[in-house]
Amino acid sequence: MPFFSPVALVDMRDKLDWAGARQRQLTEELIGRDWATDLGREHAQHGAARRLAILYQCIESVFELIPPSADDILDREVRLRGTVFIQSFVLNAFGLVDNLAHVWVAERAIRGPNGRPLARREIGLRSLNAAVRASLSVEGQAELAAFDNWFAYLTDFRDHLAHRIPLYIIPFIVAPEDEDEHKRLSGEVVSAIRRGEADEARALKAQRRRLEHFRPWMKSSIHDPGPPVVFHPQMLADFATIERIAVLILRELDQTAGL
């Protein structure tokens, strides 16, 4: 039985179409805008705009490889290719937000205490980037603060991917009531292989497979106590959040032009 309802499938298709349209519109704005600094232009055109295209390509590729309507367990190659796109999405989502922060800092010559230039580690849009946040309007600061939980989620996934255990698509799940039988069959498969009974091993694997179900879930580690992330709608939601942050920074630039 498919994981998503028919209504959810239509909603995700609409959001995918919207993401494609917004990616093109934002890219045109980032490339066509008259930037005041070379650094701001570089982060806008070669950083943010390029990453926007990558993000949308990752979403589109995941939806093509693993349609939200999919119900069967994925082949290993399909699962690995989908995982690559999801991992690329997370890294580039994190990087795009940093690009936007660098655009703001370069274009508005944001400085730290005593007028000193900001160190690279100080440039960002998260709550720990106090000098950058404080340089935005009160409304802009409030909007970014509303994304603090999202920043924490993205940072955690990015840190797992870059420094600890990489994200992966869960191959299958087994219903709690079937776990003992699944474990028993797995043991019998091993025994059959050791005896050289290839036909019996294949038959046992087929029985075991009937207890396995696909879910469009990703996690950073099997030992992570948190719930798995449903990756189709999460990627769309992440893109929508990044779109809002990009619009916020562009609006802040417009409001402070000439000041």
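The values are calculated or read from the model by the stated rules, or taken from the named source; none is laboratory data. Since the structure is predicted, the reported quantities are computational estimates derived from the model, not experimental observations. As a convention, Cβ positions derive from the backbone with ideal geometry for all residues, glycine included, and neighbour counts pool all protein chains shown.
Points to keep in mind about this one:
- Qualifying residue in segment 38-59 (condition: surrounded by fewer than 18 Cβ atoms within 10 Å (Cβ to Cβ) and either under 29 Å from residue 174 (Cβ atoms) or of a type in the set (Phe, Trp, Tyr) (or both)): no
- Residues that are assigned to a helix (DSSP H, G or I), surrounded by fewer than 17 Cβ atoms within 10 Å (Cβ to Cβ) and of a type in the set (A, V, I, L, M, F, W, C), drawn from segment 238-259: 240, 247
- Residue within segment 196-216 that is among the charged types (D, E, K, R), more than 29 Å from residue 3 (Cβ to Cβ) and outside any helix (DSSP H, G or I) present: yes
- Elements of type helices (runs of 4 or more DSSP H) contained in segment 74-160, each with 1 or more residues being without any contact (Cβ under 8 Å) to a residue 60 or more places away in the chain, within 29 Å of residue 34 (Cα to Cα) and within 20 Å of the chain's Cα centre (by Cα): 76-107, 138-145
- Single match in 101, 142 (criterion: surrounded by fewer than 16 Cβ atoms within 10 Å (Cβ to Cβ), modelled with pLDDT of 95 or more and of a type outside the set (Val, Ile, Thr)): 142
- When 218, 235 are checked against the criterion of being outside the structural domain of residue 80 (by TED's automatic domain parsing), surrounded by 15 or more Cβ atoms within 10 Å (Cβ to Cβ), in contact (Cβ under 8 Å) with a residue 24 or more places away in the chain and within 20 Å of the chain's Cα centre (by Cα), 218 stands alone in meeting it.
- Some residue of segment 61-70 being in contact (Cβ under 8 Å) with a residue 24 or more places away in the chain, among the aromatic types (Phe, Trp, Tyr) and not in a helix (DSSP H, G or I): no
- Counted residues, segment 225-259 - those being among the acidic types (Asp, Glu), out of contact with any helix residue (DSSP H, G or I) (no Cβ under 8 Å at 6 or more places or on another chain) and closer than 20 Å to residue 155 by Cα: 0
- Applying the set (1) small (Gly, Ala, Ser); (2) on the phi < 0 side of the Ramachandran plot; (3) at pLDDT 90 or above to residue 109 leaves exactly one unmet item: (2).
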